[in-house]
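Trainee: There's a structure below that I have some questions on.
The values are calculated or read from the model by the stated rules, or taken from the named source; none is laboratory data. What you are looking at is a predicted structure, and each value in this text was computed from that prediction instead of being measured. Heads up, the Cβs are rebuilt from the backbone with ideal geometry, glycines too, and the neighbour counts pull from every protein chain shown. Remember, those area values only see protein heavy atoms, side chains included, never the ligands or the DNA or RNA. Shrake-Rupley method; radii C 1.70, N 1.55, O 1.52, S 1.80 Å.
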Amino acid sequence: MVAASRNRVATTGKEYNMVSEILINATHEEIRVALLEGGQVVEFYIERKRDASLVGNIYMGKVVKILPGMQSAFIDIGLERAAFLYVADIRADIEEYAPFLEEEEKSDSVEFISRKGRSDLAIEDLLQSGQEILVHASKDPIGSKGARVTSYITLPGRYLVLMPNVEHVGISRRIADEQERTRLKTIAETIKPKGYGLIIRTASERCSEEELKKDLDFLILLWENIQRKKEKVTAPSLLYSDLDLVFRSVRDLLTQDVERLVIDSAEEYERIKEFVRTYFPKLLDKIVFYEGQEPIFDAFGVELDISRALGRRVWLKSGGYIVTDQTEAMTVIDVNTGKFVGKDDLEDTILKTNLEAVKEIAYQIRLRNLGGIIIVDFIDMEKLENREKVFNAFVEAMKKDRAKNTILHISELGLIQMTRKRVRESLGRTLCEPCPYCEGKGFVKSPRTLCYEIFRDISKLAMHGSEKIIITAHPSVAELLSDEERLGLEDIENRYGIKVIIKESNVLHQEKYEINSL
């Protein structure tokens, strides 16, 4: 039974007009988490029991292959596909790497350690086949690639990130107040044991020294347990598994700015309450159980946002639209005026469309979790000042994104090139799979094109002495052959003195056809 003392959410999401909130839909098969800002989904996470995320896991791995030409190695961590380790992600002796461990004080990422590597150390100087190595999963398998791992171990807590064997203190750039930054850094340097590094997370803002110390003690205990386990196992072995999505959402997303976390599973609700009560009791009153009759994601409009994020075209309020095409190498986003004709001159219409598109593009990048290289093709603007307005608006809109990104200045062609850190698959590739009909191309040959291919094929057969040819094709192709393109067939029949019979088959792919000669 549900405890009578728990906070309750009634039937609809309309009752909660909040700045920011977290919704969790938990079932036996999967966990779905949505971060809402102003009632709109801005981040979406899904974890299915059969393919839980590897990011954050720590393994004792074994080097199975070294690739000198790519300065990388394959590491067996006990999965179907070997993990990938770059030379820049390998720790040699910590003293040897000390000059490369400095980073800007404003780092907000656990990946602050220099990725430039050592020009005087090659991968074959650091590793050898069969060697055991402690690694930390930094990226899930994406597409045909295995997981990416690093030997720089980081253990994230609620307020701090612990980095064993690294003498460094960093602080999130999202903490803007200089006095608060100084206070937190002073505390971190005071409580930090020798031989450990710390990153102060955004959630630590306004935290007391006692809270930070408690978080640190827990992380050190966790690291010591991993070290003890390491001595007892042989590679490949999993030494530490990061929290599941429910607990990660509490740890990483439930900041002071979030009004509440609403969950629809009574079992998971009790787990969260116990977790929060133990580690950060100040947040206990933010945890809310949803008891509405309507499914939680429907009540808050999340299902609609997810469905919209899977579409190729997204309409803007003005009548313009953006088109998103994701390829293996990059994602391209195109802006179009669509039905918007404006009221003044052309340049003004284009500027208004581009500025409206900026907000939607930044939102879609975040919601769809687009990563890697992203090209945004804005409508061409003649005036330099207008291009500056659009660029600055885009940079400002992307500041809300928690993922690391780099944005290059808008070009004369109206293009913005950017990169965004990709840790997991995009929303589309997580929820969808390539179309088995077009095999992921997004298009198929037209029936007319196929008719002309068939003409060429049967002409070749007729030249080799065939007297009768039977064509079996998709109904759309067979119909065109029998009707509009019948003259072409008759011409081949008359030229070679053969008989052509057309049959249609509903089981054939539109691009497939069969030709049998007698």
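Trainee: Going through the stretch 448-485 one residue at a time, which ones are under 20 Å from LEU508 (Cβ atoms) and basic (Lys, Arg)?
Mentor: Listed by number, the residues that qualify are ARG448, ARG456.
Trainee: At pLDDT 90 or above, farther than 23 Å from PHE297 by Cα, hydrophobic (A, V, I, L, M, F, W, C) and over 22 Å from the mean Cα position of the chain (by Cα), is that true of MET60?
Mentor: It is true that MET60 is at pLDDT 90 or above, farther than 23 Å from PHE297 by Cα, hydrophobic (A, V, I, L, M, F, W, C) and over 22 Å from the mean Cα position of the chain (by Cα).
Trainee: Quick one: ILE375 ticks every box in (1) touching a Leu at 6+ places or on another chain (Cβ under 7 Å); (2) open to solvent by 50 Å² or more (accessible area, probe 1.4 Å) bar one, so which box is it?
Mentor: Among (1) touching a Leu at 6+ places or on another chain (Cβ under 7 Å); (2) open to solvent by 50 Å² or more (accessible area, probe 1.4 Å), ILE375 violates only (2).
Trainee: In the stretch 97-145, which residue that is part of a loop (DSSP other than H, G, I, E, B), over 22 Å from PRO68 (Cβ atoms) and at pLDDT 85 or above is least open to solvent (accessible area, probe 1.4 Å)?
Mentor: Selected residue: ASP140.
Trainee: Taking ILE322, is it out of contact with any Lys or Arg (no Cβ under 8 Å at 6 or more places or on another chain) and surrounded by 12 or more Cβ atoms within 10 Å (Cβ to Cβ)?
Mentor: no
Trainee: For the stretch 336-353, does any single residue satisfy the condition of being open to solvent by 20 Å² or more (accessible area, probe 1.4 Å), farther than 29 Å from ASN25 by Cβ and within 25 Å of the chain's Cα centre (by Cα)?
Mentor: Within the stretch 336-353, not a single residue is open to solvent by 20 Å² or more (accessible area, probe 1.4 Å), farther than 29 Å from ASN25 by Cβ and within 25 Å of the chain's Cα centre (by Cα).
Trainee: What is the residue count in the stretch 485-518 for residues that are surrounded by fewer than 14 Cβ atoms within 10 Å (Cβ to Cβ), in contact (Cβ under 8 Å) with a residue 24 or more places away in the chain and acidic (Asp, Glu)?
Mentor: 1
Trainee: If you go through the stretch 216-238 one residue at a time, how many are in contact with a Phe, Trp or Tyr (Cβ under 9 Å, 6 or more places away or on another chain), open to solvent by 10 Å² or more (accessible area, probe 1.4 Å) and touching a residue at least 60 places away in the same chain (Cβ under 8 Å)?
Mentor: Total meeting the criteria: 7.
Trainee: Tell me the residue from ASP252, ASP285 that is closer than 26 Å to ASP401 by Cβ, assigned to a helix (DSSP H, G or I) and either of a type in the set (A, V, I, L, M) or out of contact with any strand residue (DSSP E or B) (no Cβ under 7 Å at 6 or more places or on another chain) (or both), please.
Mentor: Checking each option against the conditions leaves just ASP252.
Trainee: Where residues in the stretch 148-162 are of a type in the set (A, V, I, L, M) and either outside any loop (DSSP other than H, G, I, E, B) or surrounded by 24 or more Cβ atoms within 10 Å (Cβ to Cβ) (or both), which of them is nearest to the chain's Cα centre (by Cα)?
Mentor: VAL149
Trainee: Right, another one. Checking the conditions here, which among SER446, SER476, SER426, SER411 is among the small types (Gly, Ala, Ser) and open to solvent by less than 30 Å² (accessible area, probe 1.4 Å)?
Mentor: SER426
Trainee: For residues in the stretch 300-309 being open to solvent by 20 Å² or more (accessible area, probe 1.4 Å) and part of a helix (DSSP H, G or I), which is nearest to LEU36 (Cα to Cα)?
Mentor: In this case the residue turns out to be ASP305.
Condition check ((1) out of contact with any strand residue (DSSP E or B) (no Cβ under 7 Å at 6 or more places or on another chain); (2) in a strand (DSSP E or B); (3) touching a residue at least 12 places away in the same chain (Cβ under 8 Å)) across all residues:
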residue: HIS28; (1), (2), (3): yes, no, yes
residue: ARG32; (1), (2), (3): no, yes, yes
residue: ILE46; (1), (2), (3): no, yes, yes
residue: MET60; (1), (2), (3): no, yes, yes
residue: GLY78; (1), (2), (3): no, no, yes
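Trainee: May I ask you to say which residue of ARG181, ARG174 is charged (D, E, K, R) and at pLDDT 90 or above?
Mentor: ARG181
Trainee: Here's a follow-up. When you check GLU385 against the structure, is it over 17 Å from the mean Cα position of the chain (by Cα), within 18 Å of ALA309 (Cα to Cα) and open to solvent by 20 Å² or more (accessible area, probe 1.4 Å), yes or no?
Mentor: No; evaluated as a whole, the condition is false for this residue.
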